[in-house]
Structure formats: C-alpha cells, structure tokens
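See structure below.
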Amino acid sequence: MKKSANNCKTLNRSKKKRKGIIFIVSGPSGSGKTTLCKKLLEQKLIKNSLVKTISITTRPKRKNETANKDYRFVSETEFLKRLARGQLLENEKVFGFFYGTPKSFVEANLKKGKDVLLCIDVKGAQAVKKMYPGACTIFIMPPSIEVLQHRLRERSTETQHHMAERLKIAQWEMEFAEKYDYVIINNRLNVALAQLEAAIIIERARRE
C-alpha cells in the first residue's frame, strides 16, 4: 500500500500544471524585432503555445499598423490613468510618447500555463526581469550601424533629428546585448527567424 501511495504522489507531481515562461525580445528601432515577432507567431511549433502582449501607446498609428493588433492606441490621459492604477507591467516615454505593457494580460496567461512574448525596449526588459527573474531574454542585433541607418531611412517615418536620436539610442541599447540570454544578428530574416524559434524551443526543453 505504501508503494502504491508513493506512486500516486509521483503521478500527481508529474501532472502538475506547467508555469508559463515570459520571453522578452528587445532590439533597437530598425533591428527587425517587430517583424520577427510577427513571423514567429505564425510558425507551426509556436503559434498555438505562445501569446504576444499588445502594448499600449500614445503615439499616432503608422500606415502599416493595425489598431488592437500591433498596438492599442490610447490618449495620454487614458495611459496615465492606467499607470496610476498599477495596470502596467512596465512603461517608458520615447520621443514624447508613452508605451506600456498591460499587466493583467501577462499574469492571466502565465497562470494558464501559456508562454508570453513581450517585444519591448531595453529599459522595459530590465523592469520586467526584476519582477520575473525567470524571464528569458533575447536581443535582436542589426548587422551594423550602417544597415540600421539604411533601414530607418527606408521606413520613412522619422525626421532627420529623430533618426539621429534613434541611432544614438541604438548604440546605447546594443551595449546591453551581452546581458541577454540569447543574441540574434538579423542579417537575413529567414535565418534570424529560425534562430529565434530555436531559442524558444530550446528554452522550453531546458526548463521542462
């Protein structure tokens, strides 16, 4: 009987619900992190087991963006209300606009055992990592500053002043790359995507 009871305890432990993992993807503007995250969620081994947070922002919607899919666009008043209520996991102000990650979405999915993908900047990543030390961090690196500059020019959403500022911030952000668990150089999109998918799968296997 004792042996049988012990076997039951072992079985119950093995059926214990898995904890969701937070995957944080960071990288400077123009590194391709947003495109990579979108394509990652379309991959067969990933799409049903990983959910992406939709950040809220006060900046205007760009031509290629869809509201409530790429971002939730809100007024500054609404953003500050959510911040005051403690509804944001992390928040930053960039070029006069606020960005933040809804806390309830992250917590609810982690409880369900789902993995959550956050596509956020270096400062936001540091804030989340303090709250969730077990979060896995992935940095998307451009092949060079020259390539990054070219990508920002092609995007045609920046003034010359803002582009110069973004390049300064990019150089500062890239200094933090060595603190991330994985660093992926986005030279060829399909290769970088395969590496990003592999990082997710390896991290899951390592923990489980």
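If you take the residues of region 149-195 that are modelled with pLDDT of 85 or more and among the basic types (Lys, Arg), which of them is nearest to LEU40 (Cα to Cα)? Only one residue fits best here, namely ARG188.
Going through region 50-68 one residue at a time, which ones are farther than 21 Å from GLU92 by Cβ and at pLDDT below 90? If the condition is that a residue be farther than 21 Å from GLU92 by Cβ and at pLDDT below 90, then LYS63, ASN64, THR66 are the ones that fit. Counting only strands (runs of 3 or more DSSP E) that sit completely within region 9-112, those holding 3 or more residues that are closer than 30 Å to GLU146 by Cα and aromatic (Phe, Trp, Tyr) correspond to 97-102. For beta carbons closer than 6 Å, sequence separation of 6+ or different chains, a first residue in region 117-138 that is under 18 Å from VAL183 (Cβ atoms) and a second that is of a type in the set (Asp, Glu) and assigned to a loop (DSSP other than H, G, I, E, B), the qualifying pairs are CYS136/ASP181; THR137/ASP181.
Among the residues of region 77-89, not a single one is at pLDDT below 95 and farther than 30 Å from LYS19 by Cα.
Considering only residues that are among the polar types (S, T, N, Q) and at pLDDT 85 or above, look in region 12-43 and name the one that is farthest from GLY100 (Cα to Cα). Among those residues, the one meeting the criterion is GLN43. Looking across region 107-121 at every residue that is under 20 Å from GLU208 (Cβ atoms) and of a type outside the set (Asp, Glu), the one that is surrounded by the most Cβ atoms within 10 Å (Cβ to Cβ) is identified as VAL116.
Does LEU45 satisfy the criteria of being in contact (Cβ under 8 Å) with a residue 40 or more places away in the chain and buried (at least 17 other Cβ atoms within 10 Å of the Cβ)?
no
Please enumerate the residues belonging to region 113-130 that are out of contact with any helix residue (DSSP H, G or I) (no Cβ under 8 Å at 6 or more places or on another chain) and part of a loop (DSSP other than H, G, I, E, B). Correct list: GLY113, LYS114.
Can you find a residue that is among the hydroxyl-bearing types (Ser, Thr, Tyr), at pLDDT 95 or above and within 21 Å of THR35 (Cα to Cα) anywhere in region 101-123? Scanning region 101-123, I find at least one residue that is among the hydroxyl-bearing types (Ser, Thr, Tyr), at pLDDT 95 or above and within 21 Å of THR35 (Cα to Cα), so the answer is yes.
The values are calculated or read from the model by the stated rules, or taken from the named source; none is laboratory data. Bear in mind that the values here come from a model prediction, so they are computed numbers and not experimental data. Note: ideal-geometry Cβ built from the backbone for every residue, glycine included; neighbour counts use all protein chains shown.
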